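A short reminder: the numbers here are calculations on the coordinates, not readings from a lab. Small disclaimer: the values here were computed from a predicted structure and weren't measured. As a convention, Cβ positions derive from the backbone with ideal geometry for all residues, glycine included, and neighbour counts pool all protein chains shown.
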Amino acid sequence: MPAVTETIDTVQSVTEGTYKWGFETEIEMEFAPKGLNEDIVRFISKKKNEPQWLLDWRLKAFAIWQKMEEPRWPAVTYPPIDYQDAYYYAAPANKVKPKSLDEVDPELLRTYAKLGIPLKEQAILAGVEGAGDVPAEGGRMPIAVDAVFDSVSVATSYKERLGKEGIIFCAISEAVEKYPDLVRQYLGTVVPQGDNFYAALNSAVFTDGSFVYIPKGVRCPMELSTYFRINAKSTGQFERTLIIADEGSTVSYLEGCTAPMRDENQLHAAVVELVALDDARIKYSTVQNWYPGDAEGKGGIYNFVTKRAQCRGKRSKVSWTQVETGSAITWKYPSCVLLGDDSVGEFYSVAITNNRQQADTGTKMIHVGKRTTSTIVSKGISAGRGQNTYRGLVRVAPTASNARNFTQCDSLLIGDQCGAHTVPYIENRCMTAKTEHEATTSRIAEDQLFYCRQRGLSEEDAVGLIVNGFCREVLKELPMEFAVEAQKLLQISLEGSVG
Amino acid sequence: MLKIEGLTAEVEGKQILKGIDLEVPVGEVHAIMGPNGSGKSTLSYVLSGREGYEITGGSVTFAGQDLLALEPEERAASGLFLAFQYPVELPGVGNALFLRTALNAVRKARGEPELDAMQFLKVARERLKALQIGEDMLKRGVNVGFSGGEKKRNEVLQMALLQPKLAILDETDSGLDIDALKIVSDGVNALRGPGFSALVITHYQRLLDYIVPDRVHVLMGGRIVQSGGPELAKQLEAEGYASVQAAA
Amino acid sequence: MSAHPTGAAGFLHRYEGLRMRLPGARLPFVAALRDQAAEAFRTQGFPTRRVEAWKYTDLRPVADAGFDEALTAVDSAPDLPPAHGTARAVFVDGRFRPDLSALDGLPYAVESLAMALPGLDGRLGALARVEAQPMAALNTMLFEDGLVVTVPAGAAGGVLDLVSIGTASERPEAFHPRHLIRLGAGASLTIIETATGPEGARYLHNPVYEVEVAAGATLTHARLQQEAPRAFQLATAYARVAEGGTYDNFTLNAGGRLVRNEIHTVLAGPNAACHMNGAQLLRDGQHADTTTVLDHAAPDCASRQTYKTVLMGRSRGVFQGKIHVHQVAQRTDGYQMNQALLLSPEAEIDSKPQLEIYADDVKCSHGATVGEIDAEQLFYLRARGIPEPRARAMLVEAFLKEAVEGVQDEAARAALDAAITGWWEKAA
């Protein structure tokens, strides 16, 4: 699998304690003026040739946002964010479609290479004519990739091949143009404009993101994947992803995120909405590796994300898997609203905080339908001066007869300057429902380390090994391509945390 | 003692028992053998009154009563005992309290005086001794932290205390080593006599070396497909269930 | 008199009127504490559900009831609950009743707080945090009496019954007893507290406890909350445990209409230990909340918590439990379990177990389960001839008694066992 090996090779060549995705790409960019007001919202909408209904929708969100306050309840601290001191639109300047890779801005190609995107997909992403029709090298299973570069989706690969199955996988701005009815039917139905402060902000200014529609009965033949990249200075990224799995369909979606090293903090406030109809299955995997800031806590991404799924259909299933290693601050709770009878929600999470990173993450499982089941497995690792909080809600409505929930939250502390916190809320109003919650906190035992080292492992390798073991239940949920990458990331994230 | 006629039953809409006819006369021990999924455990649960099994037809008469009309505890009180394949753990419920409550409930139903704690302890100790079970068994929570063998011994102890008219042993031999198997069998054999019948449900012939049945029935596909003497068990051991299937 | 003032304003209004008549009014440190508490109560008011610590318990029914303060001692002679030991301190409507108490010849000092106030400068209010807990502020503002127990170093105190009876029936009354309990090094004491009131009594019992356990001392504090069905109890305990000491708290919530049992324990010295256990037995219309905050502030301490709730009818149970492990508290061993049995389709249980950990060499775990009676277990009992109601009762009692097993003191354990046994069969 070239994608994987390539990534690993790069990872292994990395010297200690550095962030390998910290490069900056110098390409020609187009910006909207700094700041946020109604005109900027109109500007973004116009830039994207949006219909009136969507502009109205954005303006309504903006009005709601102006009346809202930033949430104060997460266990994270940061200086006030000046929402007027950022660009809300940044895009690579438009160019004529290149004929071959040679004509593509080499900086852009280099970026893809550094992101670990294989050459074939690079060509497609760079918009090389005809590149999408040739099979991927080595007969490997292709991965359809959408790349979001700052505010806009730059290209999507394998569109035609997916199109044969009736699958839509494109930038959401393209979907607004081509499939306005679908977008209008579902946009904001899972995460309404006024859901929370960051979701409202996103609804007003979202610039791009991916749109996926899997028709009835279709099993998506390849992994769908989006690489998110914040590149430009002083920009926020506000992508919006909408995935609809129609009756009996199946899809696995991956996202990866990186950003350059900068001294300033940058805001990433995405919204992801998933809708699963009868018997549909959505697997959503994230490897989040936004720039975490330096060892002193300077710079880094504020990752304030709203992700939610509605299992509307009977026997539908949504599975969230996340590996959160980056960002200065992470605030996200990928959730499942289990409406359909016998629907299933899953949340598997690994979150690492090292140096000055802070994470407040978890999930909400809302049981409404009969016999709905949910599983939560959360592994938090705190090192350096990191603060790691699991915050989760399990709510069982009186209608959810025979619902089941199982929650397992484990924390691992490395060093005595960090913190690990567990804040579960369990609200049960159904007699026949059963909820179980278990949480443990531990550290890497001296004898475990010694045993590994006595067998010849370095202390850091030993820690990596033990941490990977600690996270195994979650990592095994990731698609192969991501699992290997994620394991390496865990180890890199913990560099400098021992000894 | 026990007469089953045309018994049919469903679990979650799926028919498992498809017309069982079986009679166990007073004082006899019958064995029911059959492959996995033949309906053996379903039969034991239907007879003991567990929820989730819908009886769709037939009748069961036990000691002159309509067994199917009774609640599980009424069946127990009238002398039916099920030795569970997987005895249930009851954390926080002391074994002594449990045994005494069960014994007194059954005694009360029979019109016998209830035993106080001292009287009970005396009876229990006798049984424990006879079964070579240590007294600490009484002090522990019911089946909590018991090994597989200990759980089965506890079942036999309960049977010895409650002195049922009919014992149903549901795969009692599963997970037992030879020593435990012997203790369990001795416990059953000690009760054998004119007032005691048993239905021994098992997959293997092994247990029947220790508890020699008067009759052997083969249960397959929810029906008794063949009946015979103890030699039938030996035949099954040698030739497997496939031979019966072919014959039936 | 016109409509009775309610809410926080009502209590503040009465404080203004009673200020110069409350015990200790002429003692500057008492007056200062009360004024400070009044300010804290004015600032916080009755907590709403937007306050995180009160997310699941709405105090509006308390705020909306207009209460009188019971100022003059009543000389009624109510029925007393059974005694568990020979020493007994009885409070009626929050006032100490020496005539009903038996406190002679004890190896430790027991006094009425109202009488002992002049000697309590520096001790009264040392642990309670009025700025963070509005009900503790309300208590400090208006306390009229309480028990001051001081056990000298090395003394074995035996069992002390602490009885509280609420009697008001015409107009609801509020009383705010303040109990100070101090154990010297190596001392021991068992307090078995029974709070009750006759059917039909209407009152708010709002006690605050300040508990100091010195090095190597052991305090067992068993609380049987069996208040009158229409009564409110909002209890807040603050305990500080020194090196090698043990605080063993068990709270049984069985009575009352709206009840909160809040315990703050600080393990302040190495090898200190704390057991906080409890059971909540809730019938139709009851709301009970147990909230524990445990600070591991020293290394090598152990804590054990087991809370069980059984809910019937339209009842609501709440458990919030926070374990905070400070950075110095290496080798902490913390365990917390809360379990609920939902026996009615209209009942609701909310749990929020919380870990906040800043030390790396720790072993901390918590668990929470909610479910109904296990069908397998029930069938097993019935298959042995035990009738269904009895089988259910056995399983409910076994479920509850697991929490009692953690109580070390035999007298306290026996009292709790007795209170739990048969409760369910009576209630069902």
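What shape does segment C:7-374 take by its C-alpha gyration tensor, where a ≥ b ≥ c are the square roots of the eigenvalues and a/c under 1.5 counts as rounded, a/b above b/c as prolate, and the rest as oblate?
On the way: a/c = 1.39, a/b = 1.11, b/c = 1.25.
Rounded is the answer for segment C:7-374, as its axis ratio a/c remains below 1.5.
May I ask you to evaluate 6.51 cos²θ - 1.76 cosθ + 1.60, the Karplus curve with θ = phi - 60°, for each residue of segment C:36-43 and list the ³J(HN,Hα) values in order in whole Hz, giving x for glycine and proline?
Karplus values, whole Hz, x for Gly and Pro: 4, 5, 4, 5, 5, 5, 4, 5.
Can you put B:Met1, B:Met137, A:Met68 in order, fewest other beta carbons within 10 Å first?
In order of increasing Cβ crowding within 10 Å: A:Met68, B:Met137, B:Met1.
Let me confirm the definition first: pairs of Lys residues in segment C:7-374, 8 or more apart or on different chains, C-alpha distance under 15 Å. How many are there?
Within segment C:7-374, the lysine pair count is 5.
Report the residue, chosen from C:Ala418, C:Ala185, C:Ala368, that carries the largest GNM mean-square fluctuation when chain C is represented by alpha-carbon nodes joined by springs under 10 Å.
The residue that fluctuates most here is C:Ala418.
Let me see the pair-distance distribution of segment B:2-247: every alpha carbon pair, 5 Å bin width, integer percents in order.
1, 6, 14, 18, 20, 17, 13, 7, 3, 1, 0, 0
Which of A:Lys317/A:Lys370; A:Lys332/A:Lys364; A:Lys314/A:Lys370; B:Lys152/B:Lys182; A:Lys47/A:Lys67; A:Lys298/A:Lys332 have a Cα-Cα distance over 18 Å?
A:Lys47/A:Lys67; A:Lys298/A:Lys332, as the Cα separations exceed 18 Å there.
Treat the count of other C-beta atoms within 10 Å as a stand-in for reagent exposure and order C:Val241, C:Val213 from fewest to most.
With the fewest neighbours first, C:Val241, C:Val213 line up as C:Val241, C:Val213.
Picking from C:Gly119, C:Gly146, C:Gly255, which is most flexible by a Gaussian network model of chain C using Cα springs under 10 Å?
In the Gaussian network model the winner is C:Gly119.
Quick one: what are the phi-derived ³J(HN,Hα) couplings along segment B:143-154, Karplus 6.51/-1.76/1.60 with θ = phi - 60°, whole Hz, x for glycine and proline?
Each residue's phi maps through the Karplus curve to give 6, 6, x, 6, 6, x, x, 5, 4, 5, 5, 5 Hz.
Can you tell which of C:Met276, C:Met135, C:Met20 shows the greatest fluctuation in a Gaussian network model of chain C with Cα springs below 10 Å?
So, out of C:Met276, C:Met135, C:Met20, the one fluctuating most is C:Met20.
Counting other Cβ atoms within 10 Å, keep those with at most 16, restrict to DSSP loop, and tell me which chymotrypsin sites (Phe, Trp or Tyr not before Pro) in segment B:167-248 are left. Intermediate results must be reported in sequence, preceding the final value.
Working: sites: B:Phe196, B:Tyr204, B:Tyr210, B:Tyr241; in loops: B:Tyr204.
Sites meeting the loop and neighbour criteria: B:Tyr204.
Tell me which residues come under 5 Å, amide H to amide H, from A:Lys434 once H is placed; ignore anything under 5 positions away on its chain.
A:Ala403, A:Arg404, A:Asn405
If you plug each phi of segment A:267-277 into the Karplus form 6.51 cos²θ - 1.76 cosθ + 1.60 with θ = phi - 60°, what whole-Hz ³J(HN,Hα) values come out, in order, with x for Gly and Pro?
Taking θ as phi minus 60°, the curve returns 9, 10, 10, 9, 10, 10, 10, 10, 10, 10, 8 Hz for segment A:267-277.
Can you sort C:Val51, C:Val208, B:Val60 so the residue with the fewest Cβ neighbours within 10 Å comes first?
Ascending Cβ contact count within 10 Å gives the list C:Val51, B:Val60, C:Val208.
Find, among the GluC sites (Glu not before Pro) in segment B:1-63, those assigned to loop by DSSP (not H, G, I, E, B) with at most 11 other beta-carbon atoms within 10 angstrom. Don't skip to the answer; put the middle values down first.
Values: sites: B:Glu5, B:Glu10, B:Glu12, B:Glu23, B:Glu28, B:Glu51, B:Glu54; in loops: B:Glu12, B:Glu28, B:Glu51.
Counting only loop positions with at most 11 other Cβ atoms within 10 Å, the GluC sites (Glu not before Pro) in segment B:1-63 are B:Glu12, B:Glu51.
So who's got an amide H within less than 5 Å of the one on C:Gly321, skipping anything under 5 residues away but keeping other chains? H placed 1.01 Å off N, in plane.
So C:Gly321 has HN proximity to C:Thr292, C:Lys352, C:Gln354.
Please report how far the C-alpha centroid of segment C:192-228 lies from that of segment C:357-393, rounded to the nearest whole angstrom.
One Cα centre to the other: 28 Å.
Give the Rg (one decimal place) followed by the Dmax (whole number) of the protein assembly as shown, computed from C-alpha coordinates and expressed in Å.
34.9, 104
With an 8 Å cut-off on Cα pairs and a minimum separation of 6 or more residues, tell me the relative contact order of segment C:7-374 in percent.
Relative contact order, segment C:7-374: 10 percent.
Report the local net charge at B:Pro25: Lys and Arg +1, Asp and Glu -1, summed over other residues whose C-beta lies under 11 Å from its C-beta.
Summing Lys/Arg as +1 and Asp/Glu as -1 gives -1.
With the Cα gyration tensor of segment C:56-183 giving a ≥ b ≥ c as the square roots of its eigenvalues, does the rule (a/c under 1.5 for rounded; else a/b larger than b/c for prolate; else oblate) give rounded, prolate or oblate?
In terms of gyration-tensor shape, oblate.
Could you state the orientation-averaged shadow area of the convex hull built on the Cα atoms of segment C:128-234, in nm² to one decimal?
Across all orientations, segment C:128-234 yields a mean hull projection of 6.9 nm².
Report the relative contact order of chain B, percent, no decimals, based on alpha-carbon pairs under 8 angstrom and at least 6 residues apart. Don't jump to the answer; show the numbers that get you there.
Details: 453 pairs, mean separation 70.0, N = 248.
Normalised by residue count, the contact order of chain B is 28 percent.
I want to verify the translational diffusion coefficient of segment A:293-339 in µm²/s; compute it with Stokes-Einstein, Rh as the Kirkwood radius over Cα pairs, at 25 °C and 0.890 mPa s.
It comes out at roughly 193 µm²/s.
Which far-off residues, 5 or more places away or on another chain, put their amide H under 5 Å from the one on C:Val266, with H placed in the peptide plane?
The list, which skips near neighbours in sequence, is C:Ala239, C:Arg240, C:Val241, C:Asp295.
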